[in-house]
1. Mind listing whichever residues of segment 54-67 are open to solvent by 100 Å² or more (accessible area, probe 1.4 Å) and assigned to a loop (DSSP other than H, G, I, E, B)?
2. Take the residues in segment 28-53 that are touching a residue at least 60 places away in the same chain (Cβ under 8 Å) and over 11 Å from Ile90 (Cα atoms), then tell me which one is most open to solvent (accessible area, probe 1.4 Å).
3. Restricted to segment 131-146, and to residues that are open to solvent by less than 20 Å² (accessible area, probe 1.4 Å) and in a helix (DSSP H, G or I), which residue is modelled with the lowest pLDDT?
4. Considering Leu123, Leu77, Leu86, which residue is in a loop (DSSP other than H, G, I, E, B), open to solvent by less than 30 Å² (accessible area, probe 1.4 Å) and either touching a strand residue (DSSP E or B) at 6+ places or on another chain (Cβ under 7 Å) or not assigned by the TED database to the domain that holds Thr195 (or both)?
5. Go through (1) closer than 23 Å to Gln205 by Cβ; (2) open to solvent by less than 60 Å² (accessible area, probe 1.4 Å); (3) without any contact (Cβ under 8 Å) to a residue 24 or more places away in the chain for Gln153 and report which single condition fails.
6. Identify, from the list Gly34, Gly117, the residue that is closer than 23 Å to Glu179 by Cα, modelled with pLDDT of 95 or more and under 14 Å from the mean Cα position of the chain (by Cα).
7. Which of the residues that make up segment 179-209 are touching a helix residue (DSSP H, G or I) at 6+ places or on another chain (Cβ under 9 Å) and of a type in the set (A, V, I, L, M)?
Amino acid sequence: MQGIRATISDEILSSRYRFMVHNKGTILSYFDLGQIKTVAKVLATLEADSFSLHYPFSFADLHLQAYPEISAVYNTLDFAQQCQVLDSAIEYGKKGICKALIAIDYQSGFTTILALGKTQEDLMQRALSYIGDPLVQTLIDESSEKELLELLQNIRPFLQQAEHSDKRYACHSIACSEEFFLSHLFSILLDVPFTVAWGLERDSQGRFIPTYLMGENG
């Protein structure tokens, strides 16, 4: 029972953290892609228990002396914004392409984003956390968002069992732009606008497979 309580507590704390930090606005309003890449490279040289990762306000003074323009902007940000920049830059600096995990109801055509990441493991773990997030659950209106609620409920077994489709539902990891990735990486994805490009390849059920996710600005 203590383990279950700890898990629930951790989920609530994680949800609160994401809400407070990652819904303040896109980091691309602070830095451009090139600058985020620079921050990511600097972060890649640090140990996981680095002082500045625990106390983000120290990051610029300790590690960005060679990049005065980036340092100056970083030091104007509040604490939550600094956390957002470091969190996002760490993920952006991982190897691989930017991906989105989407869930599809092929019967109704309804599609939603479950997670963003660069590895399949991250995508699956984040999607499960997202579906079980207490905050996300409270934001879904059962009467007006029935399609969304049913899709999330029915896609959970695929994520837990690593089976990605049945006759009606499926989830696919597809590429997305770097801008979209950085703008929405840890945000609540329920209302994020997007469109999906479809390829000519079909899955085992004979349905077309999505190939790319685009935000409202491409």
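1. Within segment 54-67, Tyr55, Gln65 qualify.
2. Among them, the one singled out is Leu28.
3. In this case the residue turns out to be Val136.
4. Selected residue: Leu77, the only one of Leu123, Leu77, Leu86 that is in a loop (DSSP other than H, G, I, E, B), open to solvent by less than 30 Å² (accessible area, probe 1.4 Å) and either touching a strand residue (DSSP E or B) at 6+ places or on another chain (Cβ under 7 Å) or not assigned by the TED database to the domain that holds Thr195 (or both).
5. Only one criterion in (1) closer than 23 Å to Gln205 by Cβ; (2) open to solvent by less than 60 Å² (accessible area, probe 1.4 Å); (3) without any contact (Cβ under 8 Å) to a residue 24 or more places away in the chain is unmet by Gln153, namely (2).
6. Numbers: Gly34 fails: under 14 Å from the mean Cα position of the chain (by Cα).
Being closer than 23 Å to Glu179 by Cα, modelled with pLDDT of 95 or more and under 14 Å from the mean Cα position of the chain (by Cα) holds for just one of Gly34, Gly117, which is Gly117.
7. Listed by number, the residues that qualify are Leu182, Leu185, Ile188, Leu189, Leu190, Val192.
So that you can scan it fast, the table gives a plain yes or no per residue for (1) out of contact with any strand residue (DSSP E or B) (no Cβ under 6 Å at 6 or more places or on another chain); (2) free of Cβ contacts under 8 Å to residues at least 24 places away in the same chain; (3) surrounded by 12 or more Cβ atoms within 10 Å (Cβ to Cβ); (4) within 25 Å of Lys95 (Cβ to Cβ):
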{"residue": "Cys176", "(1), (2), (3), (4)": "no, no, yes, yes"}
{"residue": "Leu182", "(1), (2), (3), (4)": "yes, no, yes, yes"}
{"residue": "Leu185", "(1), (2), (3), (4)": "no, no, yes, yes"}
{"residue": "Ile188", "(1), (2), (3), (4)": "yes, no, yes, no"}
{"residue": "Asp203", "(1), (2), (3), (4)": "no, no, yes, no"}
{"residue": "Arg207", "(1), (2), (3), (4)": "yes, no, yes, no"}
{"residue": "Pro210", "(1), (2), (3), (4)": "no, no, yes, yes"}
{"residue": "Glu216", "(1), (2), (3), (4)": "yes, yes, no, no"}
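The values are calculated or read from the model by the stated rules, or taken from the named source; none is laboratory data. Note that the structure is a prediction, hence the values are computed from the model and not measured. All Cβ positions, even for glycine, are placed from backbone atoms using ideal geometry, and neighbour counts span all protein chains on display. Accessible surface areas use protein heavy atoms only, side chains included; no ligands, DNA or RNA. Shrake-Rupley method; radii C 1.70, N 1.55, O 1.52, S 1.80 Å.
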